[in-house]
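The values are calculated or read from the model by the stated rules, or taken from the named source; none is laboratory data. These numbers were taken from a predicted model, which means no experiment stands behind them. Ideal geometry is used to build each Cβ from the backbone, glycine not excepted, and the neighbour counts take in all protein chains shown.
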Amino acid sequence: MLLRTIILSLLLSSNFAFAHTTVSAAGAGTNLSAAGTGSSGTGSGQAPAAAVVVAGNTNPIVINDNAAAALYPSIATISGVTASITRVRVQLTGLTHTFPDDLDIILEGPQGQRAMLMSDAGGGTDVSGINLTFDPTAATVLPDTSPPALTTATFRPANYGLNSTVFTDTFPAPFPALNVLDDAPADLNVFNLTNPNGHWKLYVVDDAGGDFGSIAG
């Protein structure tokens, strides 16, 4: 059984759903397979005639204290899809952290578009094993503070750690060095109408000392 730590559901303009799952850990790559099996290392998913392609890895993402996660970035490679994207939905499964406000998480698509999923959001109340889903059509934006603590739910992405023009958070290399707010808005619609084929990259950073966590399948 695949452990789905990160799920990207890409709804395509040809009206079929593309489910893309990837998880990562230090020294590990990504398993990808349309049949639900695969091998370690950076892999690729080939879209069949069926509506859904699933890619996965059984390793958790380790969120290090005041540092980039392992591995960084988590990479999945998609190929063989002939339709463009009309909606991206991201699920982080089994998120545990002792201070969610420390988390900065960016998704980068294969064509270079980037979206901030969460930054300086969720407050300082511990979370354990929750499932966070990010959907551009969700009714509620990910909250800034706690209590109450974050719980399993669906939110629009949020970035509270910025001023009017630039990031206030640092993503170390190999994240590209562009820090203009428009380069990574808290908006998954940046991927709409783009080609889904290529490398999808998830960058996870803990930006302050004293706390840590994981995203576990």
message = Being part of a strand (DSSP E or B), under 24 Å from W200 (Cα atoms) and acidic (D, E): is that true of D169 here?
response = no
query = If we keep just the residues of the range 74-89 that are of a type outside the set (G, A, S) and surrounded by fewer than 22 Cβ atoms within 10 Å (Cβ to Cβ), which is nearest to I63 (Cα to Cα)?
reply = I75
Checklist (1) modelled with pLDDT under 95; (2) hydroxyl-bearing (S, T, Y); (3) in contact with a Phe, Trp or Tyr (Cβ under 9 Å, 6 or more places away or on another chain) applied to T125, failing item = (1)
